[in-house]
Structures are given as C-alpha cells and as structure tokens.
Amino acid sequence: MFDITGKKAIITGGAQGLGLTMAETFQKMGAEVAVIDISDEVYNVPAKLNETNVLVHAVKGNLLDLDQLKDSFSEALEKLGGKVDILINNAGMIQRKPALEFSIETWNRILGLNVTSVFELSRLAAVEMKKQGSGKIINMGSILSVLGGYNAAAYSTSKGAILQLTKSLSNEWAEFGIQVNAIAPGYMLTTMNDDLMNDPVRAPQVEARIPAKRWGTAEDVAGVALFLASPASDYVTGTLIPVDGGVLAR
Ligand SMILES: NC(=O)c1ccc[n+]([C@@H]2O[C@H](COP(=O)([O-])OP(=O)(O)OC[C@H]3O[C@@H](n4cnc5c(N)ncnc54)[C@H](O)[C@@H]3O)[C@@H](O)[C@H]2O)c1
C-alpha cells in the first residue's frame with residue numbers, strides 16, 4: 001500500500017533541507033528521483049544518496065525563470081525515461097520583515113517561486129500524468145497557509161495561495177487519476193528557520209506554542225510525503241495535511 005518502488009519522482013528544492021530528506025527517503029523506498037535546484041549543491045545529491053542502486057539525478061535550474069523552469073522539467077523528465085509519477089513542489093523562500101519595510105521586488109520573487117513556479121510545474125507534470133491516468137502532486141504549504149504569521153506577509157500570502165491552488169487543481173484533475181495535496185509543516189529544524197531559532201525573544205515564544213514541545217524534523221515531513229506519493233492515498237485529494245506537532249489545532 002505504501003510501495004513506491006519504480007515510481008519516477010521530481011522533487012524541487014531538493015539540494016538541502018526538507019527536499020533533500022524527501023529525496024533520500026524516496027530513493028530508499030525504491031523510487032527513481034530527479035532533483036531540481038538552483039544551487040550547485042544539487043550536483044552533490046546523487047553522490048550523497050548513493051547507498052542503494054536506485055537512481056538519483058541532478059538538474060540545476062532557477063524556477064523563477066519560466067524558460068529555465070520548462071527546460072529543467074524537460075531535462076528531469078528525460079532523465080527519468082520520459083515518465084513522472086510524483087511531483088513534489090518543495091522549493092520555496094521566505095523573508096521575515098515588517099510589511100512596511102518589504103521591497104516589492106522581494107514580494108514578487110517570493111510569489112514567483114512559491115506560487116507561480118508551482119502552478120507551471122504542476123501543469124507540465126499533469127500533461128504527462130493525464131496520459132498515464134495517474135499521478136501524485138504534493139505541494140509544500142505551511143502552517144502559514146492558514147495562519148497569518150508575523151513579519152512574513154509575502155510568505156503567508158504565497159502559502160495561503162498554495163492551499164487554494166491545491167484545491168483548484170485537485171478539483172480539475174481528480175477525474176484523471178491525479179491526486180493533488182499539500183503538506184503544512186510547522187516549525188522545522190532547517191536552515192530556513194535559522195533566524196527564528198537564533199532569536200532569543202521569538203524562539204522561546206515559538207517553542208511555547210508547539211503542543212508536542214519540540215521543533216519538527218525533515219523526517220516528520222518525509223513520512224507524510226511518502227503517504228501522499230503512495231497508493232495508500234489514492235482517494236485523498238485536495239487536502240492540506242499539517243505536520244506541525246499540533247500547532248494548527250491550538
Ligand atoms: N523549514 C520550515 O520550517 C518550513 C515550514 C513550513 C513550510 N516549509 C516549506 O518547505 C519547503 C522547503 O523548506 P526548507 O526549509 O527545506 O527550505 P530550504 O531553504 O532549506 O531549501 C529550499 C531549497 O530550494 C532551493 N531554491 C531556492 N530558490 C530556488 C529557485 N529559484 N529555483 C530552484 N530552487 C530554488 C534552494 O537552493 C534550497 O535547496 C519550502 O517550500 C518551505 O516554504 C518549510
């Protein structure tokens with residue numbers, strides 16, 4: 001039921017953080033993975049994950065540039081032998097700053113990566129998935145898909161959009177056998193949260209808000225991603241699954 005052996009997966013932003021752990025988990029579970037990332041670090045991913053014989057491919061590309069996005073998708077698809085069963089739209093960025101100090105350029109970059117690239121990649125993948133009558137699209141939302149957050153207006157707007165985009169695409173593509181779902185990580189121990197974890201005022205406030213009384217790990221997210229990528233979730237679509245130690249339930 002949770003078997004993804006032989007499935008072909010594209011994971012964006014997989015050079016580090018949550019994406020890297022999902023790539024590692026998926027290849028350990030027998031999937032063939034293509035990682036797309038803007039960082040040169042992406043070229044080290046296949047060597048990092050080479051404990052098994054399952055294939056891992058690296059594609060360097062800037063998903064903010066729509067030509068590069070299309071080329072990266074084509075390259076990943078080619079490396080996967082022309083098939084994609086799973087797309088994880090994981091690449092994302094944040095800038096924490098008061099709204100009054102936020103530059104419109106940064107606003108556009110955050111919306112461009114966190115929303116527009118997700119829409120474009122999902123459409124490219126859905127063309128392939130529709131042909132085969134099956135597919136899994138997993139979008140990375142956030143607890144800020146639901147909460148407003150603080151000093152993160154562009155990010156929470158983008159992640160709110162991910163929730164709506166997930167529902168919209170799910171409505172359109174469920175009949176083609178494509179499930180579109182989102183994961184809402186809470187406060188995770190990744191470099192994205194370095195500022196927060198190192199803030200002597202905010203860090204204890206955050207910790208006090210987590211019913212599980214600990215920050216999340218990349219493995220916490222990878223388990224839910226595996227569920228959403230496997231046949232176990234074939235009748236689950238249009239949802240946002242929190243992986244947040246209970247934060248959204250407060
Ligand atoms: N870390 C958290 O606490 C947390 C919480 C909620 C949601 N999320 C979401 O999970 C996802 C992954 O988070 P993370 O903490 O692993 O992030 P991260 O910053 O560690 O990794 C993001 C990856 O995306 C890549 N990337 C950035 N810009 C890119 C671009 N223009 N084109 C291609 N690749 C690009 C980076 O090189 C990096 O490898 C993001 O969508 C994030 O919003 C994270």
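What to note about this one:
- Surface/4 of the Cα convex hull for the range 163-250, nm²: 6.5
- Mean Kyte hydropathy of -0.5 or more with a Cα span along the axis of at least 15 Å, helices from DSSP in the chain: 17-28, 117-132, 153-173, 218-229
- Among T191, T12, T237: highest mean-square fluctuation, GNM of the chain, C-alpha pairs under 10 Å: T191
- Packing-based ranking of 74-80, 176-182, 139-145, 36-42 yields 139-145, 176-182, 36-42, 74-80, ordered from highest to lowest mean Cβ neighbour count within 10 Å.
- Exposure proxy shown here: for R109, R123, the number of other Cβ atoms within 10 Å sets the order, fewest to most, as R123, R109.
- By the Cα gyration tensor, the range 35-78 has an equivalent ellipsoid whose semi-axes, rounded to whole angstrom, run 21, 12, 5 from largest to smallest.
- Separation of the range 54-83 from the range 177-250 is 26 Å, based on Cα centroids.
- Annotation: peptides 84-91, 239-246, 166-173, 199-206, ranked by per-residue average of other Cβ atoms within 10 Å with the highest first, follow the order 84-91, 239-246, 166-173, 199-206.
- Relative counts (whole %) of C-alpha pair distances in the range 69-121, using bins that are 10 Å wide: 21, 41, 23, 12, 3
- Value at 222 nm in deg cm²/dmol, rounded to 500, when DSSP H runs of n ≥ 4 in the chain each add -39,500 (n - 2.57): -12000 deg cm²/dmol
- Positive dipole terminus of the chain, leading residue within Y43, Q164, G13 (C-beta point charges): Q164
- Largest mean-square fluctuation among L228, L113, L196, in a Gaussian network model of the chain whose springs join Cα atoms under 10 Å apart, belongs to L196.
- Rg/Rg_globular for the range 8-249, with Rg_globular taken as 2.2 N^0.38 Å and Rg from C-alpha atoms: 0.96
- Interchain or long-range residues, amide H under 5 Å from L240's placed H: A182
- Rounded to the nearest 20, the size of the Cβ-charge dipole of the range 8-249 about its Cα centre is 460 debye, with Lys and Arg at +1 and Asp and Glu at -1.
- For the range 6-51, the convex hull drawn through the C-alpha positions has a volume of 56 cubic angstrom per residue.
Each reported figure results from applying straightforward, stated rules to the coordinates on display, with no laboratory input. Everything numeric in this text was worked out from a predicted model, so none of it was measured. Because the Cβ atoms are built from the backbone with ideal geometry, glycine has one as well, and the counts that use them run over all protein chains shown.
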